[in-house]
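The values are calculated or read from the model by the stated rules, or taken from the named source; none is laboratory data. Keep in mind that this is a model prediction, so the values were computed, not measured. So basically every Cβ, Gly included, is an ideal-geometry build from the backbone, and we count neighbours across all protein chains shown.
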């Protein structure tokens, strides 16, 4: 979603805040350079345009709807999400010969 000017890749969130329901929603997380993620507040204007380009009209509203869910993540839910991503990472590594 941004140029790689620092050589560091960050997990940029369109909607910030690790206690929000949208934090682990994949459509809310994309690679960003350090400069955009830290110093430009996620470059949200460009981020919004790229989200719409990738997912279509309504994505911003979808993210806000998910974010409006005020339930707090339980430890069990976070651990389950972690396990799901471990499986996804293993599949990616397998396809690349690691």
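When you scan region 22-31, do you find a residue that is in a helix (DSSP H, G or I), exposed (fewer than 14 other Cβ atoms within 10 Å of the Cβ) and modelled with pLDDT of 95 or more, even just one?
No, region 22-31 contains no residue that is in a helix (DSSP H, G or I), exposed (fewer than 14 other Cβ atoms within 10 Å of the Cβ) and modelled with pLDDT of 95 or more.
Failed condition for residue 85, given (1) assigned to a helix (DSSP H, G or I); (2) in contact (Cβ under 8 Å) with a residue 24 or more places away in the chain; (3) under 17 Å from residue 10 (Cα atoms), with all others met?
Every listed condition holds for residue 85 apart from (2).
Restricting to region 47-68, what's the tally of residues that are within 27 Å of residue 89 (Cβ to Cβ), in contact (Cβ under 8 Å) with a residue 40 or more places away in the chain and either in contact with a helix residue (DSSP H, G or I) (Cβ under 7 Å, 6 or more places away or on another chain) or surrounded by fewer than 20 Cβ atoms within 10 Å (Cβ to Cβ) (or both)?
Final tally of qualifying residues: 4.
Looking only at region 53-82, how many residues end up being modelled with pLDDT of 95 or more and in a loop (DSSP other than H, G, I, E, B)?
Result for region 53-82: 3.
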